[in-house]
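The values are calculated or read from the model by the stated rules, or taken from the named source; none is laboratory data. Please read these numbers as outputs of a predicted model, since none were measured by experiment. Note: ideal-geometry Cβ built from the backbone for every residue, glycine included; neighbour counts use all protein chains shown.
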């Protein structure tokens, strides 16, 4: 029996050694692990298991986990850009608001497809060609709409932070233990809903809507994005009038 187990272990190790890894195959496996279906955790140990290889083999292609995360971030940025192009094939045209809305929504969609990566990467900067060209285009859209270049860059940065921060929040909640999620939802649905009206009249009246919004992060994001773009529209109008 012991000999058979030893043979199986040796065979398993041999199979792992025979697996040929490429940078692309590692990235594909890592993206799967970062998805909800993949368990929402990215470690080299889990990555090795997913690839059927010794985890240390990954280091031949990526120096460390940080380099892997940045490569995954770049792929996610590229995917978000492609989603935006599919939604608006003609590009920004003259509708700056539609383009910024689609771009923000596309980036959010791309990251939330792999929430574990969103938690790790939303605050990172790759400075890759995909990222830098995207930044240039977004600033250009705002500049053509009427903003001075520096103000256009400021609004781009605010849009980026808004999008990534809210996306990271949604992603972090989605990979929480289900019991923790239920506990938070109950806090809104039960505790806030039962606050005494005489002490919390406004919360009492708005608690049902706040509970609805707790379950609708996408709706909240759309609301915040629209409110932000309303402010950008005011800035554009002011800049046009000043010019």
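Looking only at residues of the range 24-76 that are at positive phi and within 18 Å of the chain's Cα centre (by Cα), we find that the one that is surrounded by the most Cβ atoms within 10 Å (Cβ to Cβ) is 40. Kindly list, by first and then second residue, each pair from a residue in the range 200-218 that is surrounded by 13 or more Cβ atoms within 10 Å (Cβ to Cβ) to a residue that is modelled with pLDDT of 90 or more, limited to pairs with Cβ atoms under 6 Å and residues at least 6 apart or on different chains. Sorted first by the residue in the range 200-218, then by its partner, the pairs are 204/197; 213/220; 217/170. When the range 93-116 is limited to residues that are on the phi < 0 side of the Ramachandran plot and not in a helix (DSSP H, G or I), the one that is surrounded by the most Cβ atoms within 10 Å (Cβ to Cβ) turns out to be 114.
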